[in-house]
1. Quick check: Cα centre of segment A:111-160 to Cα centre of segment A:289-320, how many Å?
2. Of all alpha-carbon pairs in segment A:1-121, indicate the percentage at a distance above 23 angstrom.
3. How far is helix B:81-91 tilted, in degrees, relative to the longest principal axis of the Cα atoms in chain B, given as a value from 0 to 90 rounded to the nearest 10?
4. Could you line up A:Phe339, A:Phe219 from fewest to most neighbouring Cβ atoms inside 10 Å?
5. Please compute, over every Cα-Cα pair in segment B:70-132, the percentage with a separation greater than 19 angstrom.
6. Could you work out the mean projected area of the convex hull around the alpha carbons of segment A:81-328, in square nanometres to one decimal?
7. Can you give the FRET efficiency to the nearest 0.05 for B:Leu92 and B:Ser17, using r as the Cβ-Cβ distance and R₀ = 30 Å?
8. Output the Cα-based Rg and Dmax of segment A:61-144 in Å, rounding Rg to one decimal and Dmax to a whole number.
Amino acid sequence: MKKPQDILTAPHEELEAIQLEGVKKTIINCYENVPFYHDLYDDAGFDPYAVESLADLANAPFTTKQDLRDNYPFKMFAVPNEDIREIHMSSGTTGIATVGGYTEHDLDIWGDCFARGVWYADGGPKDIMHVCYGYGLFTGGLGAHYGGVKAGCTTIPMSAGNTERQIRVMREMGSTILCCTPSYAMHLADTAIAMGIDPKKDFKLRAGIHGAEAFSDNFRRDLEKKLGYKVLDVYGLTETMGPGVAIECMEQNGLHLAEDHFYAEIIDPKTGEILPDGEWGELVITTVDREATPVVRYRTRDITRILPGECACGRTHRRIDRLHGRTDDMLIIRGVNVFPSQIEDVMKTFDQVSSWYQIELTRKGHLDVVTLNLEPNPDFDFDEVRAIEQLQRDIQARLKSALSVGIRVRIVEPRSIPRSEGKAVRVIDKRGDDQ
Amino acid sequence: MIEQVTVFLENEKGRLSALTRALANAGVNMQALTIAETSDYGLVRIVCDKPAQAVEALEAAGLRAIVTKVVAVVVPNRPGGLADLLETLDALGLNIEYGYCFSVADGEAIDVLKVTDVDAVSQALEKAGYRLANIN
């Protein structure tokens with residue numbers, strides 16, 4: 001009998017045929033149903049009906065995050081509202097957010113893509129999947145959830161927060177697969193150990209499917225040692241679907257792209273030229289069979305490379321390497337995307353502080369801590385500690401509601417933030433220092 | 001009423017000595033200096049003879065300083081001097097934000113008080129028989 005896993009070992013020519021057929025349909029669908037693409041292709045003189053090979057795709061113009069923002073909320077949708085079953089949104093304030101729409105078919109392939117993580121871990125109906133990614137507009141929670149259900153796991157929709165309860169449930173229900181950000185997994189492990197629990201004995205975890213933020217190999221080893229399981233890296237983005245675009249197998253040697261659903265290219269971010277396998281560049285994705293919000297040559301801003309050669313696991317889907325940073329200034333803080341410009345927008349509403357600032361990223365235990373250093377304006381009366389603390393609290397509260405992530409605000413000595421000659425150093429990432 | 005100089009200082013090595021050196025070079029003489037410290041920064045509060053020049057010298061040295069108006073009350077330098085003053089304020093329903101004291105010659109001490117309404121508190125204290133210091 002044919003199983004959904006069969007596609008994972010299909011000959012690569014078969015995958016390429018699926019991709020070509022899908023990409024051709026996607027381009028025509030975009031051109032005919034999304035005004036943005038219609039104008040884009042007409043302006044660029046690109047003929048959407050003339051694509052004969054995957055190589056021809058190189059003639060199509062790119063799609064950027066800004067394009068998606070400009071078409072907020074529904075103008076990138078290629079199907080009528082009646083066919084949309086769900087909406088997700090990348091983190092960010094209104095106007096900056098990008099929206100993903102999902103038809104029933106889209107939700108189905110999403111589940112299928114994330115379920116591969118479970119299959120890679122030799123999992124299935126016998127597993128209990130513990131999902132503590134946040135449920136909501138963030139794609140983490142529901143994406144993992146659909147994957148768990150699709151793979152037949154008993155899926156526990158814990159969502160984020162309430163760490164002690166997470167630990168209790170994990171122990172009492174015998175969760176075997178953990179889905180959350182890597183930093184939260186570490187926090188769970190450390191909290192459990194502090195509660196006198198030995199996660200290796202008291203938990204039944206076999207695998208963790210962790211993503212939405214970068215983590216080092218050392219961090220992974222540490223996590224695996226503490227929780228006694230295997231950590232698989234998962235990649236995805238709201239603009240193309242959510243987590244599941246690529247997931248590591250047990251070889252832990254690159255993330256298998258879901259090539260029957262996504263066509264990936266690696267480009268030189270400066271010239272836009274396609275780079276050969278093995279070279280680092282920006283990942284560009286074209287959806288193969290997405291209905292609601294298809295994208296053609298979407299620039300992810302994520303830096304990775306295609307790993308040449310076949311994976312020892314025997315699966316034929318090509319692998320991308322673990323992410324190597326980004327081409328823009330987006331920060332990923334506890335899984336939430338934050339742009340420095342969003343922080344600036346909040347700062348501008350307080351005339352007690354100057355426009356000089358510096359964002360410091362550190363790790364306390366294993367959780368990201370963000371500190372925003374601000375200088376008071378010359379006319380700010382800083383004579384009372386209380387006034388400074390109140391200002392810090394006010395800015396913190398406004399940042400929290402705008403960004404959905406807690407940021408510590410520190411008023412620092414005026415002129416203490418280094419002024420640079422060229423581009424200001426706005427972000428100091430010290431998160432790697434303790435690893 | 002007197003003018004106090006308040007300086008915002010990062011909790012960093014050498015900052016306080018830079019501050020005092022800048023004042024020394026400007027020929028400013030201090031009567032009192034206190035520090036309110038937090039884990040991140042300190043607020044240095046100074047009573048001196050030339051507050052305007054002090055601020056100018058500190059700014060020139062790359063420090064942030066402001067002038068703050070405070071009430072300076074002369075009290076007898078004996079046990080209960082401050083207690084009497086605070087009870088008077090209490091009876092008048094006046095709150096203080098912070099305060100500090102220093103002793104000077106002639107058996108007198110000066111209590112510096114930060115209040116919201118400097119003029120109102122000054123008047124109330126004078127009416128209650130207190131003498132206000134006039135240092136700068």
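1. Taking the Cα centre of segment A:289-320 as reference, the centre of segment A:111-160 is 20 Å away.
2. Values: 3318 of 7260 pairs.
Value for segment A:1-121: 46 percent of Cα pairs lie more than 23 Å apart.
3. Tilt relative to chain B: about 70 degrees.
4. Working: A:Phe339 18, A:Phe219 22.
Final ranking by Cβ density, sparse to dense: A:Phe339, A:Phe219.
5. Working: 395 of 1953 pairs.
Tail of the P(r) past 19 Å holds 20 percent of the pairs.
6. Details: hull surface 53.7 nm².
Approximately 13.4 nm², given one-decimal rounding.
7. E between B:Leu92 and B:Ser17, to the nearest 0.05, is 0.15.
8. Calculated on Cα positions, Rg and Dmax stand at 15.1, 46 Å.
Read the figures in this text as sums done on the coordinates, not as results from a lab. Values in this document were obtained by computation on a predicted structure and should not be read as measured data. Don't worry about glycine lacking a Cβ; one is built from the backbone with ideal geometry, like all the others, and counts go over all protein chains shown.
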